[in-house]
Each structure stands twice: as C-alpha cells, then as structure tokens.
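See below for the structure under consideration.
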Amino acid sequence: MDPVLFQHARDAIGFMPDDEGLALHAAGLEAAAAGPLLEIGTYCGKSAIYLGAAARARDSMLFTVDHHRGSEENQAGWVWHDERLVDPDTGLLDTLPCFRRTIASAGLDDVVVAVVGDSPTVARHWATPLGLVFIDGGHALDVALGDYQGWAPRVAARGRLVFHDVFEDPAEGGQAPFKVWERAVADGFTPESTTGSLRVLRR
Ligand code: SAH
Ligand code: MG
C-alpha cells in the first residue's frame, strides 16, 4: 500500500488494526476488476482510506454508506462512545465532519464518495453490481443481517464480500457478524482469507 496513505489510515480515528486494514486493501485491489467498491460503516473514514487507496491504484471508486449517527455501541454510555464526535448544537453523534477531514487530508476526495443514509434503504435502490462489499455497520444481529441481505445480491460475479469483527469465540466479541458470516457461507460464498477479525469471501 502507498506508504503515505497507510500513514493517513493509521492516524485516522476509528476501528481498524493495521494488519486487518492491509488485508482489506489487498481484497480491494483483487476485487476492483469486478466492479466498484462499497463499504457499509464509514464512521470517520479509517477503513475508507484502505479501500480508497485500492480504488485509486485500480482506477476505480469507493462508495461508503453511513447515516453518520453512530451505531448503538457508539452512543453515550457505551464503551465505543467518543465525546469529540457529538454535534454540540443537536447533542447527536455526527461523524460526517470528521470523515470529510480524514478523506480530504488523505487526498482521496476524487475516489471516495460518501453516501449518507440508512444502509438497507440505500441498498433497496442500488442497482450497480459491486466488485467488493465490506460490511462494518451496526453489529446487532438484525442490523448486520439487514446489511447482508440488502447488499450481498449486489456482489458481482468474481466479486468479494468482506466482514469485519467476526469472532467465533463469544469471549472475544459479539456474535452477530459471525452468525451472518456463517449465513453467507451457507448461501454459497467461498471463504478466501482471514486476518484477525476480518474475513474475505468470494462470490
Ligand atoms: N469502518 C469504520 C468503523 C465503522 S463503525 C472504521 O474503519 O473505523 C460502524 C458505523 O456503522 C457507524 O458509523 C454507524 O453510524 C454506522 N451504521 C450503523 N447502522 C447503520 C445503518 N443502518 N445505516 C448506515 N450506517 C449505519
Ligand atoms: Mg468494525
């Protein structure tokens, strides 16, 4: 990965360890031939840099979907709440300004397009086949399953489906992404690689 973009990704606020980010980047490079890349769960744009760098290298695009109000686990009182991301006017979480700063300072404005809205709603109106779908939105079972059901049909032939935060052992983390990953395998997606909690499957 371009070392300057890697440094931007490492410095960005968010939830993506270096090794998993590099695996995500590699999947993006492989998948870009099949179509544009799409991410569910933008947050502040950390993973979007890994995928955006792949899009840049392959002359492709990354669309990144988020309502920017945070998941349940990002709200006040939860461990993953970050006070800096609260809009003082409304008291609501708003990660869109942070995302814009992250992507602009990485110089990726021309390859990363923010889609601001509810993931299943956007999925219902999305028709373009995708080279890669990265599912990293809400981690409640109904939310993760809704993302899978909405977006998996949009993965192009020879495209990739990628899940984050997949933990087989309940002691390591929530089980919803693992349950949805199992569902994807049962539906015929082929596991291709695992790096930490990041799992890549192929159509
Ligand atoms: N990929 C990010 C982390 C994503 S955190 C990183 O690299 O750091 C999960 C994100 O999913 C949050 O920003 C939250 O707002 C978003 N999200 C949760 N449910 C959503 C939904 N139904 N539609 C759109 N975005 C959603
Ligand atoms: Mg995650």
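The values are calculated or read from the model by the stated rules, or taken from the named source; none is laboratory data. This structure is a prediction, so every number in the text was calculated from the model and none was measured. Quick reminder, even Gly has a Cβ in these numbers, built from the backbone with ideal geometry, and neighbours come from all protein chains shown. The area values use the complete protein model at the heavy-atom level, side chains included, leaving out ligands, DNA and RNA. Shrake-Rupley method; radii C 1.70, N 1.55, O 1.52, S 1.80 Å.
Observations
- Number of positions in region 139-164 that are charged (D, E, K, R) and either free of Cβ contacts under 8 Å to residues at least 40 places away in the same chain or out of contact with any helix residue (DSSP H, G or I) (no Cβ under 6 Å at 6 or more places or on another chain) (or both): 2
- Residues in region 155-166 that are closer than 27 Å to Pro17 by Cβ and open to solvent by 30 Å² or more (accessible area, probe 1.4 Å): Asp165 alone.
- Residue count, region 1-54 (criterion: open to solvent by less than 50 Å² (accessible area, probe 1.4 Å), of a type outside the set (A, V, I, L, M, F, W, C) and either in a loop (DSSP other than H, G, I, E, B) or in contact with a helix residue (DSSP H, G or I) (Cβ under 8 Å, 6 or more places away or on another chain) (or both)): 15
- Taking every residue in region 189-200 that is within 16 Å of Asp19 (Cα to Cα) and pairing it with any residue that is among the acidic types (Asp, Glu) and assigned to a strand (DSSP E or B), at least 6 positions away or on another chain, the pairs with Cβ-Cβ distances below 9 Å are Arg199/Glu192; Val200/Glu192.
- Of all the criteria given as (1) in contact (Cβ under 8 Å) with a residue 40 or more places away in the chain; (2) over 18 Å from the mean Cα position of the chain (by Cα), the one not satisfied by His68 is (2).
- The residues of region 153-185 that are assigned to a loop (DSSP other than H, G, I, E, B) and of a type outside the set (Asp, Glu), listed by number, are His164, Val166, Phe167, Pro170, Ala171, Gly173, Gly174, Gln175.
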